Amino acid sequence: MSRLDLENSLGKKEVSKLLDLLPQDLNLDEPELILINKENPVSTEIDFEGVYSDQGLLYNALASPSFNEWMQAAVNDGFYFSIVSAYRSMESQANNRLARYHSYLSEGLDPDTAQMYVDMFYAPADASEHLSGLALDLLGSDWTSQGGELMASYGQMPSAQWLAQTAPEFGFILRYPEGKEEITGYNYEPWHFRYVGNKHASFISRHNLTLEEYLSLIVLKHKD
């Protein structure tokens, strides 16, 4: 994002204030700050040290200690979560998109509309955050016990609200928040959380930023 884009999104005064608040020594090369989206696809699979969840799903070891602490805090507060999706390869993501496309067709949508919905909710095979292993899709038992799936209405559930409120304490952010669709390129996803580390998650959450906005601010800070 350019400075003009940021100012259109956040306001000119807010951008100036945030640039003053940002530490000077932030490093964009930190592996937990990798940006993968439609404008920043990857050319090859990402190499990372992996660990497996209790459900047998692979994710990035960078996120593991904080994630385990987060889930223990959930149990302490009476919430129980399942990882619905973690690391996905390019091939897996491409298969997901194709399967969903045919599902939409079977529901009676025409091909163009079906593709539009696929693009709205499913990242291209080379542009999914799940490639990094740092993105986790989480659903609470209060939702899954009644047959709930990956739907925006999950955000109304107590477990989803708990996730959003506590995520920054453990280095995670709600990656696709409501009202930021033009910035992230995706609709609100109350289940999709991304590990960025505590100091970054704290700043992002405190100032209601997306990862795109935060990284753009860091670039501007370095230029200044």
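Data for the structure
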read-out	value
Residue satisfying all of: in segment 40-50; assigned to a loop (DSSP other than H, G, I, E, B) and touching a residue at least 60 places away in the same chain (Cβ under 8 Å); nearest to Met120 (Cα to Cα) among these	Pro41
Flag for Glu178 being open to solvent by 20 Å² or more (accessible area, probe 1.4 Å) and under 16 Å from the mean Cα position of the chain (by Cα)	yes
Qualifying positions in segment 55-80 - under 19 Å from Trp162 (Cβ atoms), over 17 Å from the mean Cα position of the chain (by Cα) and in contact (Cβ under 8 Å) with a residue 24 or more places away in the chain	Glu69, Ala73, Ala74, Asp77, Phe79, Tyr80
Residues located in segment 1-32, provided they are touching a Gly at 6+ places or on another chain (Cβ under 8 Å) and in a helix (DSSP H, G or I)	Glu32
Single match in Asp20, Asp47, Asp29 (criterion: exposed (fewer than 12 other Cβ atoms within 10 Å of the Cβ) and more than 28 Å from His207 (Cα to Cα))	Asp47
Test: residue in segment 120-136 that is surrounded by fewer than 18 Cβ atoms within 10 Å (Cβ to Cβ), assigned to a helix (DSSP H, G or I) and out of contact with any Lys or Arg (no Cβ under 9 Å at 6 or more places or on another chain)	yes
Phe203 within 24 Å of Val75 (Cβ to Cβ), in contact (Cβ under 8 Å) with a residue 24 or more places away in the chain, of a type outside the set (Ser, Thr, Tyr) and open to solvent by less than 40 Å² (accessible area, probe 1.4 Å)	no
Where a residue in segment 1-23 is within 15 Å of Lys223 (Cα to Cα) and its partner, wherever it lies, is surrounded by fewer than 13 Cβ atoms within 10 Å (Cβ to Cβ), with Cβ under 7 Å and at least six apart	Leu19/Asp224
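The values are calculated or read from the model by the stated rules, or taken from the named source; none is laboratory data. A quick note: this is a predicted structure, and the numbers were derived from the prediction, not measured. FYI the Cβ positions are ideal-geometry reconstructions off the backbone, even for glycines, and counts take in every protein chain you see. Side chains included, ligands, DNA and RNA excluded: accessible areas come from the protein's heavy atoms. Shrake-Rupley method; radii C 1.70, N 1.55, O 1.52, S 1.80 Å.
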